[in-house]
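Working notes for the structure below.
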Amino acid sequence: MERSFWGLLLEYFKGKITMLASGLVCAAIFCGVFYLYSLPLEAVAYALVLCATFLFIIFIRSFKNFLDKHRALTDIKDRITVELDRQWPKSTFIEKDYQEILTCFYGYHRQLMEKNDASRTEMMDYYTMWAHQIKTPIAAMNLLLRPSHTQESTALLGELFKIEQYVDMVLSYLRLDSDSTDFIIAPCPLVKTVQESIHKYARIFVMKKIGLNFQEEEFYVLSDGKWLSFVIEQILSNALKYTKEGSVTITIDRKQPALIISDTGIGIRPDDLPRIFEKGFTGYNGRSGQKSTGLGLYLCRRILDRLSHTIHITSAPGQGTSVRIGLDTYRNVRFGREL
């Protein structure tokens, strides 16, 4: 916390309260002795002026050292997460002992951080490898089940699709926390991105007999197509999960660039709405047998924040849910020409 000059002066005097009290007592004794011996007032005043001048010079030097030490320690505090500068300000013997303790703690903390970083990197590498490897048996099972058109195989394909979605969510979660997240901002064909996401969920739309309304007039936005596609898929997944009958409507707001995905599902309770973007929050719907992970919307918010986009959800129980993805940075292109 940055302090003003007068605030620092007050803190300095607080630290010197014992010394100030001792000085006042000595001054009182000094004046009392002069008074008892009936010495001339001029001599008393002269002695007081000399003492005051000497004390003022000491105060200036002491306060300057106090300011230098405060600035040096503030600088060390600001850089302590990166390095611990051993060039400390002038210190007393006891303060040097404190400095040695702090140096020991810093070294121990640094070792713990390095060990934690190495362990986390190893864990991230393992789960990334696992997520990629698990895709092979998932693809194989898809190929084995597709030729069969029995009710059981259709149900198994549906469950296999959910597994694949969870694996994609894990990969996105790992990549998002990685230091090398590959965000590439470029003109992105919004309609094509939405169509690819719809195609991915086409089987679910058919199985649940959910209608789809989508205006297909091309519109370009400045975004990362891959990450934006993940967000759209998560919103569609939620819409299909919580919609038993009715339809999903996808519209593009061209005046205030946004993608709006609305459903006729069960909706979200008002007391759950403020917390839907929290990590791990499942809400009433998630606790009612839907087996929600509480990660989908959390990841959507994080990704859209990184893309400088926004997300806003309005909903009411029994009246469906509307998700508005604000695409503030955009480029309007129609029939291959920029407008």
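3J(HN,Hα) along segment 109-119, derived from phi through the Karplus expression 6.51 cos²θ - 1.76 cosθ + 1.60 where θ = phi - 60°, amounts to 4, 5, 5, 4, 5, 5, 5, 5, 5, 5, 5 Hz, with x in place of Gly and Pro. Here segment 208-325 is treated as a sphere whose radius is the Kirkwood value from Cα pairs; by Stokes-Einstein at 25 °C and 0.890 mPa s it diffuses with a coefficient of 167 µm²/s.
Using θ = phi - 60° in the Karplus curve 6.51 cos²θ - 1.76 cosθ + 1.60, the 3J(HN,Hα) couplings for segment 299-305 round to 5, 4, 4, 5, 5, 5, 4 Hz; x is entered for Gly and Pro. Per-residue SASA remark: Met207, around 90 Å² accessible (1.4 Å probe; ligands, DNA and RNA not included). Taking amide hydrogens as placed 1.01 Å from N in the peptide plane, the amide H of Cys188 sits under 5 Å from those of Val221, Leu222, Ser223, each at least 5 positions away in sequence or on another chain. Given R0 = 56 Å, the distance between the Cβ atoms of Tyr166 and Asn65 translates into a calculated FRET efficiency of 0.35.
Mean projected area of the Cα convex hull of segment 149-197, taken over all directions, amounts to 5.0 nm². Tell me, what is the FRET efficiency for Leu102 and Glu42 to the nearest 0.05, using R0 = 41 angstrom and their Cβ-Cβ distance as r? It comes to 0.15.
The values are calculated or read from the model by the stated rules, or taken from the named source; none is laboratory data. Predicted, not measured: the structure shown is a model, and the values here were computed from it. Virtual Cβ from ideal backbone geometry, glycine too; neighbours counted across all protein chains shown. Keep in mind that these areas ignore ligands, DNA and RNA; they rest on the heavy atoms of the full protein, side chains included. Shrake-Rupley method; radii C 1.70, N 1.55, O 1.52, S 1.80 Å.
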